[in-house]
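This report concerns only the one structure given below.
The values are calculated or read from the model by the stated rules, or taken from the named source; none is laboratory data. None of these values were measured; they are calculated from a predicted model. Cβ coordinates were reconstructed from backbone atoms using ideal geometry, including for glycine residues, and neighbour counts include every protein chain displayed. We work out accessible area using only protein heavy atoms, side chains counted, and drop any ligands, DNA or RNA first. Shrake-Rupley method; radii C 1.70, N 1.55, O 1.52, S 1.80 Å.
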Amino acid sequence: MTDAKLLLKSANENAWYCLVTLYGEQGIDSFDPALAERNRDAWARWTTIPSASMELIRAFKQRAGDSVMPPRPEAAPDFSHTHFDKPVYFSGFHFRKYTDFSSASFSESVHFERAVFSGPTKFESVTFAGNVSFTSAHFDYADFSSAAFSRDAHFESVRFVQRADFELATFAEPVSFESAEFSSFTDFSAATFADAATFSSVKFTSEVTFSSAEIPCWNQFRQR
């Protein structure tokens, strides 16, 4: 483990991660759809009802133990400075408030397919060591500035309603924004694309900048 990861909180010490995986984590080499649905349903109930039910509180205590306090339903989810050492499945989750993943580290694959981020979301300075998918996700304001993607990154059909910030982001392997929609100012300035960058059928309806970006290989840059 690197010195940087030693400074991060373990995912199982983060109350919000314990809530996302309330009924258990997915395995590195396996995926349980029923478990994913059960966790997603628990998250929806916890974050939309004014107070968590006793059933969910008991499940949280069983999942996290007595040393981790359950998060308040009205609080803003905070995953910042956390090290995730297993695959993370946020597919279909709805984040209704400001959500912070800044300076987090993901060692395995990350799945945000169809996730909805209704408030500002920060992925600033996040490191993604595995494949990442945000396919068909919905963002209001998204901050990926200085994020580092070490494997394939998928942003196909993502909708960015407000500002999208990828300033100084680095993509070590192919990244695809195919059919993505950017409805407000989009910043790719000083971003580094070390491999193919796909922007086919992308839609920019406001200003976009690639100032000082390094893009050695465009793969189908075409706007709708």
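Take the residues of the range 25-45 that are of a type in the set (Gly, Ala, Ser) and within 18 Å of the chain's Cα centre (by Cα): which is farthest from residue 95 (Cα to Cα)? The extreme case among them is 36.
Residue 75 fulfils the conditions (1) modelled with pLDDT under 90; (2) loosely packed, with under 15 Cβ neighbours inside 10 Å; (3) among the hydrophobic types (A, V, I, L, M, F, W, C) except for a single criterion, (1). All told, residue 58 falls short of being open to solvent by 50 Å² or more (accessible area, probe 1.4 Å), touching a Cys at 6+ places or on another chain (Cβ under 6 Å) and farther than 25 Å from residue 147 by Cβ. Flag: residue 53 matches the condition of being among the polar types (S, T, N, Q), more than 20 Å from residue 138 (Cβ to Cβ) and open to solvent by 20 Å² or more (accessible area, probe 1.4 Å). In the range 58-79, is there at least one residue being within 23 Å of residue 169 (Cβ to Cβ), among the hydroxyl-bearing types (Ser, Thr, Tyr) and either touching a strand residue (DSSP E or B) at 6+ places or on another chain (Cβ under 6 Å) or part of a loop (DSSP other than H, G, I, E, B) (or both)? No, because not a single residue in the range 58-79 is within 23 Å of residue 169 (Cβ to Cβ), among the hydroxyl-bearing types (Ser, Thr, Tyr) and either touching a strand residue (DSSP E or B) at 6+ places or on another chain (Cβ under 6 Å) or part of a loop (DSSP other than H, G, I, E, B) (or both). Looking across the range 180-197, the residues that are open to solvent by less than 10 Å² (accessible area, probe 1.4 Å) and assigned to a loop (DSSP other than H, G, I, E, B) come down to 180, 188, 191.
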